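The values are calculated or read from the model by the stated rules, or taken from the named source; none is laboratory data. Keep in mind that this is a model prediction, so the values were computed, not measured. Glycine also receives a Cβ, built like all others from the backbone with ideal geometry; neighbour counts cover every protein chain displayed.
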Protein chains: 2
Amino acid sequence: MNQKKATIHDIASELGVTASTVSRALSGNPRISQNTRRAVLKTAKALNYEPNQIASALRSGKTQLIGMLVPIINRSFFSSIIRGVEDVANKLDYRVIVSQSDEKQENEAATLKAFLNARVDGVIASIGKQTRDFDHYQEILDSGLPLVLFDRTTSDLQTGQVVIDDYEGAYKATVHLIEQGCRRIAHFTARRKIDIYKKRCLGYLDALRDHNIPIDKKLIFAGDLQLSDGRRHTAELINKQLPFDAVFAASDYAVMGAMQVLKEKKISIPDQVALVGFLNEPFTSFTDPPLSTINQFPMEMGKAAARIFFDSLESERGISEQKIVIEPELIVRASSEKRKTNS
Amino acid sequence: MNQKKATIHDIASELGVTASTVSRALSGNPRISQNTRRAVLKTAKALNYEPNQIASALRSGKTQLIGMLVPIINRSFFSSIIRGVEDVANKLDYRVIVSQSDEKQENEAATLKAFLNARVDGVIASIGKQTRDFDHYQEILDSGLPLVLFDRTTSDLQTGQVVIDDYEGAYKATVHLIEQGCRRIAHFTARRKIDIYKKRCLGYLDALRDHNIPIDKKLIFAGDLQLSDGRRHTAELINKQLPFDAVFAASDYAVMGAMQVLKEKKISIPDQVALVGFLNEPFTSFTDPPLSTINQFPMEMGKAAARIFFDSLESERGISEQKIVIEPELIVRASSEKRKTNS
């Protein structure tokens, strides 16, 4: 109880640097070199220095909080992105607080106000499906705070963005099915005209064209990409006796619906119908057969978003408008890998 | 631009109530009747009243933010609880911000400080597996803020709690397997002595005892309850030629591991070995055969936690120490339902 508390001045004199360097090192300012930061942290620990976070926040004007706004927390894709952001942020002593919009603009607006209210140092967000204008996001930028958008972005906002190449993912998936010998590939897409689904559909169409496979619009189904949609589309294919030898769905849930109906009808997967989904939801490796899908590297996406965020935060040139595009990867599992017969 | 902004006084005089009633109705104070609240909201809308949230927060001392601390966001169980809390909170114009501890005490402490820093109105939390003392939680209570614990709780803190009856869930699962004719029921539990897993193990043991089935300790395996643990335990059962006709695992992931190994060894499910998991992870309905499991009603758990939270917030008697126990439900699917042969 008698022990005097160490201050940043004690650390500074111990190391022969200025108190302001110590303060910056402790607050994770990237302008401080890794070596200096390490030395400061080591000395701080040795001296039993305990930062008064609230005082330091008031002094620096920073709360070391990042507000993250996601459409739905309960999707492996989004929670992996959260994890990626935390991975970078926590090392810099930043905490990430998350709120879900449930795809609704009114919730986004309320959350962004709440974030300002909580004095976050900036926002990392993915736009809800039902959002129609971006004034509430513009307010963040107008407050001088960094805003980084990921996955569901808009060119209406001049700010940093991280997206995946949806077109490329869909193109790879379709080419893979063609290489397995499939020629009548059905595609399940979204009814709503959302950018990512339009791009996935384009990738599918271009892959067919590039391989001189005729496009049959009767094989393209638009719905909500849920399990029930996948079931309905597949039942329709079967009932209308439309020949098809593969399904590429823009969502894992929709392709799961296809798998259920095919199994019920004793149609063999992948021999009669091969299946590829999109997103690499955890359940895809537990199905029988396991589902081929597209990995979007959400952890990497989160880390990239965090890096743009800290660039913006520390830059004297203002908000970073950097745009990072992540290349997706095709994961081939048993649902689409046909046994080779003539090799 | 010329239009004068409506104030709560305008709403009050329109309705013939006091400004303080309007303010309370707008802030979701439960002491205001639903009818009054509805009338106030309707009039506020008609008059184009736009609350200045920051000003109102400073006035009332409330930010209308609930800080939620969960071990892992990316579990259907926890994200459904978040959804349940939001369901109650959003109706009262409260926003929920979430942070994950990754089971670590240091992260919990940092997040709780950040929540205080962000001036949340209180905290709803589930304790991490690696947490050893509760001083950081006590600080929340010492600040006079409501704290509600759910699922992973402790009797060391005098505060509101919502738990499920883990014992009862395990008991129901085991009795169900006995009723299917199983007598050699293996149990996969946690190595770490965490309350919920101890209770699940007790429920299993008591169900056997109550049905005069001898307990064979060689059938009880302690690990980390991940998929790989389930695989390992099942391989051990088979390799050691220990007869078993069922597996009840305290986690869906572990029972999924059992399913994989049994299928690889061509052991039929449920006829030779019946399977029941715990938690009702979404993938359990997608496996082949679908997995029987225990539903913990996480949405209900979240709603109950939020209700205790608002009770505490509005109570003049201080923090609510109410404890709610939720009854789990057995979901029987094909992995454990044997065809009846003599009925």
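Could you grab me the full set of residues in the range A:257-279 that are within 13 Å of chain B (Cβ to nearest Cβ), assigned to a loop (DSSP other than H, G, I, E, B) and out of contact with any Asp or Glu (no Cβ under 7 Å at 6 or more places or on another chain)?
Passing the criteria: only A:ILE269.
Of the numbered conditions (1) under 30 Å from B:PHE310 (Cα atoms); (2) in contact (Cβ under 8 Å) with a residue 12 or more places away in the chain; (3) surrounded by fewer than 18 Cβ atoms within 10 Å (Cβ to Cβ); (4) not small (Gly, Ala, Ser), B:ARG192 fails exactly one; give the number of that condition.
(1)
Looking only at residues in the range A:288-297 that are crowded, with 24+ Cβ neighbours inside 10 Å and modelled with pLDDT of 95 or more, which one is farthest from the other protein chains (Cβ to nearest Cβ)?
The extreme case among them is A:ILE294.
So which of B:GLU108, B:GLU86 is touching a His at 6+ places or on another chain (Cβ under 7 Å) and assigned by TED's automatic domain parsing to the domain that holds B:PHE150? Spell out how you get there, then give the answer.
Values: B:GLU86 fails: touching a His at 6+ places or on another chain (Cβ under 7 Å).
Among B:GLU108, B:GLU86, only B:GLU108 is touching a His at 6+ places or on another chain (Cβ under 7 Å) and assigned by TED's automatic domain parsing to the domain that holds B:PHE150.
Given the residues A:ARG152, A:ARG209, A:ARG200, which is the only one that is surrounded by fewer than 20 Cβ atoms within 10 Å (Cβ to Cβ) and in contact (Cβ under 8 Å) with a residue 12 or more places away in the chain?
The unique qualifying residue is A:ARG152.
Assess whether A:ILE269 counts as being buried (at least 17 other Cβ atoms within 10 Å of the Cβ), β-branched (Val, Ile, Thr) and touching a residue at least 12 places away in the same chain (Cβ under 8 Å).
Here the answer is yes, as A:ILE269 does meet what is asked.
Take the range B:106-132 and flag every residue that is more than 12 Å from chain A (Cβ to nearest Cβ) and farther than 22 Å from B:GLY302 by Cα.
Of everything in the range B:106-132, those that are more than 12 Å from chain A (Cβ to nearest Cβ) and farther than 22 Å from B:GLY302 by Cα turn out to be B:GLN130, B:ARG132.
When you look at B:ALA25, is it crowded, with 19+ Cβ neighbours inside 10 Å, in contact with a Lys or Arg (Cβ under 9 Å, 6 or more places away or on another chain), at pLDDT 75 or above and not assigned by TED's automatic domain parsing to the domain that holds B:ASP121, yes or no? Steps first, answer last, please.
Details: crowded, with 19+ Cβ neighbours inside 10 Å: yes; in contact with a Lys or Arg (Cβ under 9 Å, 6 or more places away or on another chain): yes; at pLDDT 75 or above: yes; not assigned by TED's automatic domain parsing to the domain that holds B:ASP121: yes.
Answer is yes for this residue.
Have a look at A:ALA254, A:ALA334, A:ALA235 and point out the one that is assigned by TED's automatic domain parsing to the domain that holds A:TYR171, under 22 Å from B:PRO289 (Cα atoms) and either outside any helix (DSSP H, G or I) or in contact (Cβ under 8 Å) with a residue 40 or more places away in the chain (or both).
Unique residue meeting the criteria: A:ALA254.
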